[in-house]
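To start, the structure under review is shown below, and the notes come after it.
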Amino acid sequence: MAKTAKFLRNAPRWSTLFPVLLYVLFILCILVLAFSSRESDPKHRKSDPLAKTDSKSTFLLHWCIASWSKAWSTSLLQPLPTDTNGDKQLGVQELAKYINLKIREHIDNAIRTNPTMFVEIDHKPRDGLVSWDEYEGYWMREKGIQGDSHMKKSAFDKLDRKAKESIARDKALWMEAARTDPLSLTLDEFLSFRHPESSTVNLLNLVDDILRQFDVDGDDHLTVEEFSDVQTTDLGEGKKFILSQNVRERKEEFTKVIDKNKDGRADRGELLSYVDPRHPRYAIQEATTLFSLADTNNDKKLTLNELFAKSAIFISSKMIHTAESFHDEF
């Protein structure tokens with residue numbers, strides 16, 4: 001059962017495999033064309049196989065490219081239920097709604113699979129804690145490194161720099177997540193370690209940071225005046241980011257987004273909802289940023305051509321690679 005769960009967890013999604021398969025199909029078409037061209041005209045065997053082709057080969061090439069382009073276009077939009085009105089274009093709200101869906105799916109999946117992975121790693125001894133040695137052993141097994149300590153060290157030394165940087169980064173994240181014991185993690189701490197954006201403890205710490213920076217009178221609440229204060233700038237990088245907007249925008253955000261019960265004050269519960277990545281404001285900010293980079297004609301709509309032109313940006317965003325994008329931020 002554990003092996004099956006592990007396989008399903010690590011199995012690549014169809015939305016990821018489909019573009020790769022299309023690319024492989026395209027390469028195969030080119031190779032078939034190249035070999036057929038060589039065989040049909042021996043005098044061209046030492047020249048470029050695509051330089052001189054007969055009408056049949058040319059037709060085959062055009063058909064391959066057309067089919068591949070059409071399939072690629074379909075693969076980009078078809079799996080993404082973003083175009084809700086069917087106009088073959090994306091609006092900011094359509095994109096934001098889809099990004100919010102992806103964020104919720106990622107966080108829900110992280111919370112759901114965290115106990116399974118925790119139990120899988122916690123086995124020497126099975127004491128309800130995951131030690132660094134247990135995690136490091138799991139990491140090495142995932143890399144195919146097994147055997148005694150000498151064999152493991154030898155195999156580890158042969159890993160590329162990216163893999164070594166990965167485990168070093170994990171060690172640093174481990175020390176940040178370990179609040180009770182630097183050598184082991186509890187179940188909640190393990191979630192903070194692997195998915196800090198999904199951890200309620202991390203979000204509560206962020207609420208503490210906001211209150212510490214903005215709560216002038218120390219009553220454990222924020223007023224609209226405190227939240228919209230942009231006079232003081234030497235309050236740390238966290239507040240510098242929040243203060244990137246003007247007073248009017250801060251007041252509007254406090255009134256419409258933060259203060260849900262409209263009592264003029266924001267308590268910890270309201271602030272916790274505000275900093276939660278599942279809050280729609282995160283998706284709207286992400287969608288707005290993507291639009292500012294990809295909407296070249298500024299018509300408030302994204303066409304397929306605009307998506308292709310900035311494909312690298314969309315692939316690295318929460319629209320496609322939600323987990324990687326989150327982990328780069330936290």
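The values are calculated or read from the model by the stated rules, or taken from the named source; none is laboratory data. Everything numeric in this text was worked out from a predicted model, so none of it was measured. Cβ atoms come from the backbone with ideal geometry, glycine included; neighbour counts cover every protein chain shown. SASA here: full protein model, heavy atoms, side chains in, ligands and nucleic acids out. Shrake-Rupley method; radii C 1.70, N 1.55, O 1.52, S 1.80 Å.
As a summary of the residue check, residue 209 satisfies the conditions (1) open to solvent by 50 Å² or more (accessible area, probe 1.4 Å); (2) over 18 Å from residue 276 (Cα atoms); (3) not basic (Lys, Arg) except for the one numbered (2).
To keep it simple, each residue is scored yes or no on (1) touching a His at 6+ places or on another chain (Cβ under 6 Å); (2) at negative phi; (3) assigned to a helix (DSSP H, G or I); (4) at pLDDT below 95.
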site	(1), (2), (3), (4)
115	no, yes, yes, no
123	no, yes, no, yes
141	no, yes, yes, yes
145	no, yes, no, yes
154	no, yes, yes, yes
175	no, yes, yes, yes
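State yes or no: is residue 189 open to solvent by 20 Å² or more (accessible area, probe 1.4 Å) and outside any strand (DSSP E or B)? It would help to see each step written out before you state the result.
On the way: open to solvent by 20 Å² or more (accessible area, probe 1.4 Å): no; outside any strand (DSSP E or B): yes.
Spelling it out, it is not the case that residue 189 is open to solvent by 20 Å² or more (accessible area, probe 1.4 Å) and outside any strand (DSSP E or B).
Only one of 241, 227 is surrounded by fewer than 18 Cβ atoms within 10 Å (Cβ to Cβ), modelled with pLDDT under 90 and under 30 Å from residue 322 (Cβ atoms). Can you tell me which? Break it down into steps so the answer makes sense when it comes.
Values: 227 fails: surrounded by fewer than 18 Cβ atoms within 10 Å (Cβ to Cβ).
Answer to the check: 241.
Scanning for something surrounded by fewer than 17 Cβ atoms within 10 Å (Cβ to Cβ), farther than 30 Å from residue 305 by Cα and not hydrophobic (A, V, I, L, M, F, W, C), does region 92-100 turn up at least one residue? No. Here region 247-286 is the region considered, the condition is being of a type in the set (A, V, I, L, M, F, W, C) and more than 27 Å from the chain's Cα centre (by Cα), and the residue that is surrounded by the most Cβ atoms within 10 Å (Cβ to Cβ) is 266.
For residue 129, the conditions (1) of a type in the set (A, V, I, L, M); (2) open to solvent by 20 Å² or more (accessible area, probe 1.4 Å); (3) under 27 Å from residue 325 (Cα atoms) are fulfilled apart from (3).
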